[in-house]
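First up is the structure itself, then whatever we jot down about it.
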Amino acid sequence: MYPSLCFPDDLEPASFLRTHWQKRPLLMRGALPGFSPPIDAHELAGLACEPQVESRIVREQGPSGRWQVKHGPFDEAVFEALSEQGWTLLVQDVDKHVPEVAALLERFRFIPDWRLDDIMISYAADGGSVGPHVDAYDVFLIQAEGRRRWRIDTRPNPSDACIPDLDLRILRDFQPDQDWILEPGDLLYLPPGVPHWGIAEGPCVTWSVGMRAPSWRELASAWMEAVADDLARAGRYRDPGLKLQDTSTEILPEVFESIRERIESALRTADADQFRARIGALLTEPKEHLELEHRQPPWSEARILDSLRRQGRLWREGASRLLFCRAADADGHDILFANGEVHPLAPGSGDFLALLCRQPGIEADEILPWLSDPKRAALLRRLFNDGHFSVAEDDID
Ligand code: SIN
Ligand code: CO
């Protein structure tokens, strides 16, 4: 459905990762030749009217450059009232709502799934933009329709100071040193922190394949919390060897030392599975507005298997986020992470888990042989009833 991603010169995915990923921008002319978006501006506006879809309209008003943002869901009348100029509609996570859009992610599988966030689609009227800004994540900006002028600042350590008192983060001092007009099928890759400003030259549509990366604060607290839970079992600080001290108000160095040693030893000796469980859960945590719908009433295993045999496949739901890891050692487990839930399986299940995680769904022929194992079949049932998979319309009563 989508053309293959064409890298310029003699780049290919591995060399792109080596030379550009997280390091420097890359303009890829004709990266997706003949790219033909499966969703038009009206459908995009329709999505922005739905309550479970995250969207916003950004406008720059008047020569004083007052930037305004309004968040969806929108009423249809909002679009009728917009002028011909100077606004942008941005819809987040379109891949979660439109499978034909999600299919483009197949072209970006040279990046691990846990780093992929979403496809955001923007429609801009002539002159529309979201202003000069920096993003905290890598992004692949694909020109889908029309033309957009991109200017970026590739100097080291650019200022990230923003105009005060705005609902948007707009750079106060944007000094571009590169300037291009992107045409349909062109792509601009930007690593995090590069100031950029894309202004529509006539109405245009841009797709942003955005990455995600957890903050060190999130990672550390996910892990520290687990260790703290473990330590909680040890109860409270104890000092059966307490000795007389000269000054009762002094906290002696050995007290600090013993507390530090106890916590560091808990961190050092914590179980590898537990570490992976906490981190994997964090990495698959769904966004608030992208919850799965649990199947009510739940289906029995027999019914799921029967449907799988008859339909030939199960489809993945857009909001389903499945990732897995293999056991760290012989005592460990292979683990499936499913929207923040953790499902450990016996080691040797990695290929089965990889199959479960496959997009856009699972082929019956491939998965059925694995399901003679009751634990694996039970896991599929759990995922199915949690809403990760769907079956063809006519199978639902
Ligand atoms: C847009 O699509 O208008 C903005 C994308 C970006 O600058 O990150
Ligand atoms: Co941006």
Rank ALA48, SER129, PRO164 by how far each Cα sits towards the positive end of the charge dipole of the chain (+1 on Lys, Arg Cβ; -1 on Asp, Glu Cβ) and give me just the farthest. PRO164
Once amide H atoms are placed 1.01 Å from N in the peptide plane, what residues at a sequence separation of 5 or more from LEU116, or on another chain, have their amide H within under 5 Å of its amide H? ARG212
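Given R₀ = 56 Å, what would the calculated FRET efficiency be for ARG29 paired with ARG262, taking r from the Cβ atoms and rounding to 0.05?
On the way: r = 59 Å, r/R0 = 1.05.
So, using R0 = 56 Å, E works out to roughly 0.45.
Which FRET efficiency value, to the nearest 0.05, is calculated for GLN61 and GLU201 with the Förster distance at 25 angstrom and r the Cβ-Cβ distance? Display every interim value, and only then the final one.
Numbers: r = 20 Å, r/R0 = 0.79.
The computed FRET efficiency comes out at 0.80.
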Using +1 at the C-beta of Lys and Arg and -1 at the C-beta of Asp and Glu, which of ALA14, TRP67, TRP87 has the Cα lying farthest in the positive direction of the dipole of the stretch 1-92? ALA14
Can you list residues whose amide H is under 5 Å from GLN178's amide H, if they're 5+ apart or on another chain and H is modeled 1.01 Å from N? ILE152, THR154
Rounded if a/c under 1.5, otherwise prolate or oblate - the chain, Cα gyration tensor axes: oblate
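What net charge is computed for the residues neighbouring LEU353, neighbours being all others with C-beta under 11 Å from the C-beta of LEU353, Lys and Arg scored +1, Asp and Glu -1?
Numbers: positive: ARG326, ARG358, ARG376; negative: ASP334, ASP351.
Around LEU353, the charge tally is +1.
Could you list the GluC sites (Glu not before Pro) in the stretch 280-377 that lie in coil according to DSSP, counting only those with at most 15 other Cβ atoms within 10 Å of their Cβ? Write down the numbers at each step before the final one.
Numbers: sites: GLU288, GLU291, GLU293, GLU301, GLU317, GLU341, GLU363, GLU366; in loops: GLU288, GLU291, GLU293, GLU317.
Here the sparse-neighbourhood loop sites are GLU288, GLU291, GLU293.
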Which trypsin sites (Lys or Arg not before Pro) from the stretch 1-101 combine a DSSP loop assignment with at most 13 other Cβ atoms within 10 Å? LYS23
Estimated [θ] at 222 nm from DSSP helical runs (n ≥ 4, -39500 (n - 2.57)) normalised by residues in the chain, nearest 500: -8000 deg cm²/dmol
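Sorted from largest to smallest, which semi-axis lengths in Å does the alpha carbon gyration tensor of the stretch 36-100 give for its equivalent ellipsoid, taking the root of 5 times each eigenvalue? Could the numbers behind the result be given before it?
Numbers: eigenvalues 105, 30, 26 Å².
Rounded to whole Å, the semi-axes are 23, 12, 11.
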Residue-span extension gain [LEU11 to THR249] - 0.36 nm each, minus C-alpha spacing: 79.1 nm
Compare ALA302, ALA319, ALA48 in a GNM of the chain, Cα atoms joined below 10 Å, and give the one with the largest fluctuation. ALA302
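If the only charges are +1 at each Lys and Arg Cβ and -1 at each Asp and Glu Cβ, what is the size of the charge dipole of the stretch 143-258 around the Cα centre, to the nearest 20 debye?
Value, rounded to 20: 220 debye.
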Considering only TYR123, TYR137, TYR237, give the residue with the highest GNM mean-square fluctuation for the chain, with springs between Cα atoms whenever their separation is below 10 Å. TYR237
Students often get this wrong: which residues of the stretch 261-295 have the backbone nitrogen under 19 Å from the point 7 angstrom along Cα-to-C-beta of LEU219? 267-286
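What trypsin sites (Lys or Arg not before Pro) does the stretch 106-152 have in DSSP loop regions with at most 12 other beta carbons within 10 Å? Kindly include the intermediate steps, with their values, before the conclusion.
Numbers: sites: ARG107, ARG109, ARG115, ARG147, ARG148, ARG149, ARG151; in loops: ARG109.
Passing both the DSSP loop test and the Cβ count: ARG109.
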Please state the charge dipole magnitude for the stretch 249-342, taken about the Cα centre, from unit charges on C-beta atoms (+1 on K and R, -1 on D and E), reported in debye and rounded to the nearest 20. 840
From the phi angles alone, apply the Karplus equation (6.51, -1.76, 1.60; θ = phi - 60°) to the stretch 366-373 and give each ³J(HN,Hα) in whole Hz, x where the residue is Gly or Pro. 7, 8, 4, x, 6, 8, 5, 7
For the stretch 109-159 and the stretch 266-316, write down the distance between their C-alpha centroids in whole Å. 31
Mean-square fluctuation check for the chain, GNM, Cα pairs under 10 Å: which of PHE110, PHE79, PHE256 is largest? PHE256
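Between VAL69 and ARG147, what is 0.36 nm times their sequence separation minus the Cα-Cα distance? Round to one decimal in nm. Walk me through the numbers on the way to the answer.
On the way: separation 78, 0.36 × 78 = 28.08 nm, distance 2.28 nm.
In short, 25.8 nm is gained.
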How many nm is it between the label spots at ASP229 and ARG107, if each spot is 7 Å from the Cα in line with the beta carbon? 4.1
Under 5 Å from the placed amide H of GLY361, counting only residues 5+ away or on other chains, we find ARG316
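Relative contact order, percent, of the stretch 264-397 when contacts are C-alpha pairs under 8 Å separated by at least 6 residues? Could the numbers behind the result be given before it?
Values: 186 pairs, mean separation 42.2, N = 134.
That works out to 32 percent.
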If I take every Cα pair under 8 Å that is 6 or more residues apart in the chain, average their sequence separation and divide by the length, what percent do I get for the relative contact order? 14
Rounded to the nearest 20 Debye, what is the dipole magnitude of the stretch 240-397 about its Cα centre when Lys and Arg each give +1 and Asp and Glu each give -1 at the C-beta? 240
Check the straight Cα-Cα distances from LYS70 and name the lysines below 23 Å, setting aside those fewer than 8 residues away within the same chain. LYS96, LYS287
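Computed from the coordinates by the stated procedures, all read-outs in this text should not be read as laboratory data. What you see is a predicted model; the values in this text were computed from it and never measured. FYI the Cβ positions are ideal-geometry reconstructions off the backbone, even for glycines, and counts take in every protein chain you see.
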